[in-house]
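Please read through the structure below; I'll follow up with questions.
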Amino acid sequence: MGLTIHYSLKAQGSDVQAQKLVQALHQCAQDLPFKEVGAVALLSGGQCDFNKRNREDPLHWLLIQAAGSVDVKQSRRAGNGEGSSFSFTVPPTQVIAFTALPGKGCEESNFGLCKYPAFMETSDGPRKTKLSGWRWSSFCKTQYASDPNCGGLPNFLQSHLTVVALLDKAKELGCLEHVSDEGHFWEKRDLPDLAQRVGSWNEMLAAFGGCLKDLAGDGVQMPISLFPDFEKLEAAGQDKFPPALAQLAKLARQVTHAQ
């Protein structure tokens with residue numbers, strides 16, 4: 001939970017062309033103020049399956065994000081109501097990607113392109129993946145770069161804008177498919193608005209975190225609770241719960257005190 005940038009890339013062409021695109025993004029990342037930029041990973045076959053790597057593997061998170069997901073809707077059968085649906089994960093057959101850390105306190109961002117098999121064996125039999133060409137779908141949570149211990153608002157703004165700048169490069173290269181920026185900076189390019197939004201998110205998350213701690217005790221830990229100004233944020237966020245979180249907080253109080 002926290003302010004996040006979601007993005008997807010897409011390209012056609014040969015392995016060499018895909019590698020050139022990712023290398024161009026990698027060079028741009030090195031020219032931007034990322035705190036760290038990893039090497040480009042070239043993987044194939046079983047090397048691409050995150051299930052075959054332990055959690056400490058430096059590529060584990062990148063490969064989790066590299067895995068494709070396909071939703072399947074099954075037609076209604078007699079006696080089965082409106083039918084059912086399920087999703088299955090599709091490990092890529094090829095990965096060309098790298099990891100870049102935007103800033104202290106920020107989640108790592110991953111960029112690249114993958115190829116996927118045309119069919120995948122599932123519990124319901126073989127299924128078409130419909131994941132053609134080269135693709136990438138990922139996200140980066142920048143929210144906690146705003147922790148005063150990490151540099152506060154200036155650090156958050158630099159981290160968030162650094163990710164946006166690399167996505168601008170992907171657009172220039174013609175491989176950007178979609179961006180969804182919860183800070184709305186991607187479409188608005190309004191720095192004061194972004195600063196206000198991350199402040200509101202911090203207050204809302206602190207208030208919700210405080211609610212959970214009141215209900216479940218100090219064993220509940222959220223990254224926002226480590227902010228040095230957590231109590232101030234918690235007090236300021238009492239009236240900032242979005243409807244879904246307000247409803248969840250109400251339900252949590254109800255069931256916690258039911259016995």
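Computed from the coordinates by the stated procedures, all read-outs in this text should not be read as laboratory data. This structure is a prediction, so every number in the text was calculated from the model and none was measured. Don't worry about glycine lacking a Cβ; one is built from the backbone with ideal geometry, like all the others, and counts go over all protein chains shown.
Could you give the length gained on full extension between GLN221 and SER180, defined as 0.36 nm per residue of separation minus the Cα-Cα distance, in nm?
Net length gain for the segment: 12.0 nm.
What distance in nm separates the simple spin-label points at LYS128 and SER8, each placed 7 Å from Cα in the Cβ direction?
1.7 nm
In addition: Let me check against my output: what whole-number percent is the relative contact order of the chain, with C-alpha pairs under 8 Å and at least 6 apart?
Value for the chain: 22 percent.
Restricting attention to the alpha-carbon atoms of the chain, what are Rg (one decimal) and Dmax (integer), both in Å?
20.9, 63
Would you mind finding the longest exposed-site-free stretch of the chain, with exposed GluC sites (Glu not before Pro) meaning DSSP loop and at most 13 other Cβ atoms within 10 Å?
83-259
Sorted from fewest to most neighbouring beta carbons within 10 Å, what does the list VAL37, VAL16 look like? Don't jump to the answer; show the numbers that get you there.
On the way: VAL37 19, VAL16 7.
Fewest-to-most ranking of VAL37, VAL16: VAL16, VAL37.
With a point put 7 Å past each Cα toward its Cβ, work out how far LEU32 is from GLN196 in nm, to one decimal.
2.6 nm
Whole-Hz ³J(HN,Hα) for each residue in region 139-151, computed from phi via Karplus 6.51 cos²θ - 1.76 cosθ + 1.60 with θ = phi - 60°, x for glycine and proline: what do you get?
Taking θ as phi minus 60°, the curve returns 7, 9, 8, 9, 2, 7, 5, 7, 4, x, 5, 9, x Hz for region 139-151.
Let me ask another. Around CYS175, with a cut-off of 15 angstrom between Cβ atoms, what is the net charge of the other residues, counting Lys and Arg +1 and Asp and Glu -1? Intermediate values should be presented prior to the final figure.
Numbers: positive: LYS10, LYS20, LYS115, ARG135, LYS169, LYS171; negative: ASP15, ASP168, GLU172, GLU177.
Every neighbour counted, the sum reads +2.
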